[in-house]
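Participant: After the structure tokens below, expect a handful of questions from me.
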Amino acid sequence: MGRKRIFLVGRPGSEIHTVKRLLEQHPGGIVFPATDFFQKVAPASWLQRITGFVGVSARNRIQELFEDQLDGVQQKVDPYHLLSRRRIVEHFIESLDLDARRKRAKFWVEPSPSNGAHIDLIEDHLPDAKFVHVIDCPNLEATGEHLDSTLTDWLENLHTIEQHLDKPNHHSVRHNELLKSTRHTASDLFNSLR
């Protein structure tokens, strides 16, 4: 497959939006809206992990996603396919691939920050996927519980990055590098997509 599939990974509220805007400027790609698709399709119980089926509430959220957020992108959904996680993921990827092909894009980007929690699931379904990890600094202006949750989210993000950055299909964009030289960061990012 010549078309690259790219997933942004980072904390919600991080510089992920800046990286998304950089990728939107690349003439060879298309950046879809954040869908949190893999958050919706991830197994919620041990039974769902074993069987590969999704629960009723997940099916409803996924159906809404196909009808609302991906309106005009998706292919017709066969309700039977909404039972199997593998088939749902295949349908989602086929829909994004189809839209990218229509627009002659060489790559597409799914920018949901929640992708970081589902890298293994994404790689299981898409071994050729690329990931761009956005590494930022925590907001230390938060107070009380907000500071605890901010630091916890930040540490979880760093742990995720640490687990995957040695893989060739994972690239990082650091907040401080983005601030220093957006042009150099963009060039490095675009080169990593080749």
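The values are calculated or read from the model by the stated rules, or taken from the named source; none is laboratory data. What you see is a predicted model, and the numbers here were worked out from it, not measured in a lab. For neighbour counting, all protein chains shown are included, and Cβ atoms are generated from backbone atoms with ideal geometry for every residue, glycine included. Ligands, DNA and RNA are excluded from the accessible area calculation, which covers all protein heavy atoms including side chains. Shrake-Rupley method; radii C 1.70, N 1.55, O 1.52, S 1.80 Å.
Participant: Name the single residue, out of those in the stretch 5-48 being out of contact with any helix residue (DSSP H, G or I) (no Cβ under 9 Å at 6 or more places or on another chain) and closer than 26 Å to residue 152 by Cβ, that is modelled with the highest pLDDT.
Facilitator: Within the stretch 5-48, the match that is modelled with the highest pLDDT is 20.
Participant: Quick one: how many residues across the stretch 102-123 are among the hydroxyl-bearing types (Ser, Thr, Tyr) and either closer than 15 Å to residue 4 by Cα or not in a helix (DSSP H, G or I) (or both)?
Facilitator: Looking only at that region, the number is 1.
Participant: Could you list, in sequence order, all residues of the stretch 83-123 that are open to solvent by 30 Å² or more (accessible area, probe 1.4 Å) and among the aliphatic types (A, V, I, L, M)?
Facilitator: Within the stretch 83-123, 83, 98, 117, 121 qualify.
Participant: Follow-up question, since we're still on this one. With respect to residue 169, is the statement that it is in contact with a Gly (Cβ under 8 Å, 6 or more places away or on another chain) and either modelled with pLDDT of 80 or more or more than 23 Å from residue 40 (Cα to Cα) (or both) true?
Facilitator: Considered against the rule, which asks whether it is in contact with a Gly (Cβ under 8 Å, 6 or more places away or on another chain) and either modelled with pLDDT of 80 or more or more than 23 Å from residue 40 (Cα to Cα) (or both), residue 169 comes out as no.
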